[in-house]
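Working notes, structure below.
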Amino acid sequence: MDQALQGTARAVPADRLPPGGLPALAGAGFLTVMLETMPAGILPAISSDLGVPESAAGQTVTVYALGSIAGAIPLIGATRRWPRRRLPLLAVAGYVVTSVVTGLSSDFTLTLVAPFTAGVFAGTLWALIGGYARRTVRVRTAPCLPRRPRT
């Protein structure tokens with residue numbers, strides 16, 4: 001088990017869920033889904049603010065998805081020796097920064113680059129969330145989960 005997760009796992013009784021870990025993971029998941037789908041609902045506003053057709057403004061959703069696909073696996077592979085606690089924090093921070101840049105941008109090119117980068121961070125978060133949630137919940141708390149073999 002990961003050293004960072006071992007320390008937090010001992011502090012929580014075996015029959016209770018960790019009070020901070022799962023809500024943090026759920027919040028990160030909610031944030032990525034919300035900011036991925038929100039542009040589809042405000043395309044007319046994006047289009048008029050940037051002076052581009054709605055179909056071009058809709059490409060912000062496409063480049064976000066491409067960033068998630070193109071960047072997540074290589075980034076997870078490149079950072080596999082990093083302390084695991086650092087990567088999700090950096091991914092959330094990067095995600096927030098790129099989302100703010102997207103929201104404040106008045107340049108269409110920058111508005112396409114920032115969601116692509118946000119997609120890379122979101123894909124990285126999604127690659128991490130499942131494993132963290134699995135390691136956070138003990139078998140006694142969720143007996144339907146298979147036991148991990150000891151290494």
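Of note:
Yes/no per residue for (1) of a type in the set (Gly, Ala, Ser); (2) more than 21 Å from residue 21 (Cβ to Cβ); (3) in contact with a Gly (Cβ under 7 Å, 6 or more places away or on another chain); (4) modelled with pLDDT of 85 or more:
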{"site": "57", "(1), (2), (3), (4)": "yes, yes, no, yes"}
{"site": "77", "(1), (2), (3), (4)": "yes, yes, no, yes"}
{"site": "84", "(1), (2), (3), (4)": "no, no, no, no"}
{"site": "104", "(1), (2), (3), (4)": "no, yes, no, yes"}
{"site": "108", "(1), (2), (3), (4)": "no, yes, no, yes"}
{"site": "117", "(1), (2), (3), (4)": "no, yes, yes, yes"}
{"site": "130", "(1), (2), (3), (4)": "yes, no, no, no"}
{"site": "141", "(1), (2), (3), (4)": "no, no, no, no"}
{"site": "149", "(1), (2), (3), (4)": "no, yes, no, no"}
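- Counting the residues of segment 97-112 that are touching a residue at least 24 places away in the same chain (Cβ under 8 Å) and either part of a helix (DSSP H, G or I) or touching a Pro at 6+ places or on another chain (Cβ under 9 Å) (or both) gives 5.
- Flag for residue 95 being of a type in the set (Ser, Thr, Tyr), at pLDDT below 90 and closer than 21 Å to residue 35 by Cα: yes
- Single condition residue 52 does not satisfy, out of (1) assigned to a helix (DSSP H, G or I); (2) farther than 18 Å from residue 98 by Cα; (3) in contact with a helix residue (DSSP H, G or I) (Cβ under 8 Å, 6 or more places away or on another chain): (1)
- Enumeration of residues in segment 77-94 that are assigned to a helix (DSSP H, G or I) and either buried (at least 16 other Cβ atoms within 10 Å of the Cβ) or among the small types (Gly, Ala, Ser) (or both): 77, 78, 87, 88, 91, 92, 93, 94
The values are calculated or read from the model by the stated rules, or taken from the named source; none is laboratory data. Computed from a predicted structure; not experimentally measured. In this analysis, Cβ positions are derived from the backbone assuming ideal geometry, glycine residues included, and neighbour counts consider all displayed protein chains.
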